[in-house]
Amino acid sequence: MSPKIYYETVSEAIKKLRSNGFTTDFNLEENCIVCNLEKFKADEFEITDIYRYEGDTDPADEATVYGIQSKNGLKGILVTGYGMSTDILTTKILAKLTSKQADTP
């Protein structure tokens, strides 16, 4: 799945995803995806949308917004850094997520 850059800002992408039912805020923690006190394995989710943003002057401003959906229908948003600001934990967990579009011929 190639990243989409349809919205001018991260905030606009998040607003659009929320309007499409991606209302849960997810974070990464200890090799899992976390929402409030619930922890999920990465293989319980698939990536449905990707929006990547590059900072104009500061590489630390690079971010990726993911729309992700669980196998039981829970939809939410995961925002991570990329490029120089990506850590090993993020890379490992994202590698475990499947891409909805990658599964379609």
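Please treat every number below as a calculation from the coordinates, not as lab data. Everything numeric here is computed off the predicted structure, so don't read it as measured data. Because the Cβ atoms are built from the backbone with ideal geometry, glycine has one as well, and the counts that use them run over all protein chains shown.
Here the spin labels are modelled as points 7 Å beyond Cα on the Cα-Cβ line, and at Glu12 and Lys96 they lie 3.4 nm apart. Neighbours of Phe26 by Cβ distance under 15 Å: Lys/Arg scored +1, Asp/Glu scored -1, total -2.
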